[in-house]
Amino acid sequence: MKVFGKGVVLFFATGAGSGYAPVMPGTVGSAVGIPLYMVLAGLPLLWYGVVVAVCIFAAIWLSSRAERYFGRNDPPQIVIDEVCGLLVTLIGLPATWYTVAAGFLIFRILDVLKPFPANRINNHLHGGAGIVLDDIVAGVYANALLHCVRFLPQ
């Protein structure tokens with residue numbers, strides 16, 4: 001018996017359907033991460049990290065399954081990786097509109113630019129891990145940048 005049918009896998013892998021957006025599905029998918037972040041932001045940092053880690057592992061599995069359903073490598077409809085990348089971007093940061101907006105923008109730029117090793121992951125790692133982990137790298141870089149900017153003298 002299947003625990004997760006095709007509809008459930010595609011629902012989550014496409015960010016509740018946001019990946020079907022006709023223009024910039026990755027950006028639309030990233031936006032789905034904002035309300036999820038706002039719900040999780042009240043958790044203690046350790047629990048937030050645990051939830052994000054579980055989301056990343058689930059995203060890898062879901063992306064791998066969804067990729068088979070779509071019949072192609074890394075289809076643009078799969079945006080759960082962007083959701084996870086945004087959640088990583090905002091780890092340990094205050095849940096303010098400014099931080100969320102800056103995190104969203106910086107993450108999207110880094111996700112498109114794919115700085116090393118995200119570019120290597122994107123080009124050489126296949127399946128769900130390849131889909132998700134380049135976005136996690138972009139999220140780590142975005143998070144580090146935001147933490148650095150936060151502590152600049154004003």
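Just so you know, all these numbers are worked out from the coordinates, no wet-lab data involved. It should be emphasised that the depicted structure is a prediction, and the values quoted were computed from it without experimental measurement. Virtual Cβ from ideal backbone geometry, glycine too; neighbours counted across all protein chains shown.
Some notes on this structure:
- Theoretical FRET efficiency, 1/(1+(r/R0)^6), r = Cβ-Cβ of Asn119 and Phe57, R0 30 Å, to 0.05: 0.85
- Measuring r between the beta carbons of Tyr69 and Val39 and using R0 = 30 Å, the FRET efficiency lands at 0.60.
- Look at Leu152, Leu90 and count the other Cβ atoms within 10 Å of each Cβ; fewest to most, that gives Leu152, Leu90.
- Cβ-placed point charges (K, R +1; D, E -1), dipole of the chain about Cα centre in debye, nearest 20: 200
- The loop-placed chymotrypsin sites (Phe, Trp or Tyr not before Pro) in segment 102-154, going by DSSP, that have at most 16 neighbouring Cβ atoms within 10 Å of their Cβ come out as Phe151.
- Furthest towards positive pole of dipole, Ile136, Gly17, Val88, structure part the chain, Cβ charges: Gly17
- Since only Tyr69, Tyr37, His147 are under comparison, the one whose Cα sits farthest along the positive direction of the charge dipole of the chain, derived from C-beta charges on Lys, Arg, Asp and Glu, is Tyr69.
- Dipole of segment 6-127, positive direction: furthest Cα of Ala58, Leu46, His124, with charges on the beta-carbon: His124
- Gyration tensor verdict on the chain (Cα atoms; rounded if a/c is under 1.5, prolate if a/b is larger than b/c, oblate otherwise): prolate
- The length gained on full extension between Leu46 and Tyr98, counted as 0.36 nm times the residue separation minus their Cα-Cα distance, comes to 16.4 nm.
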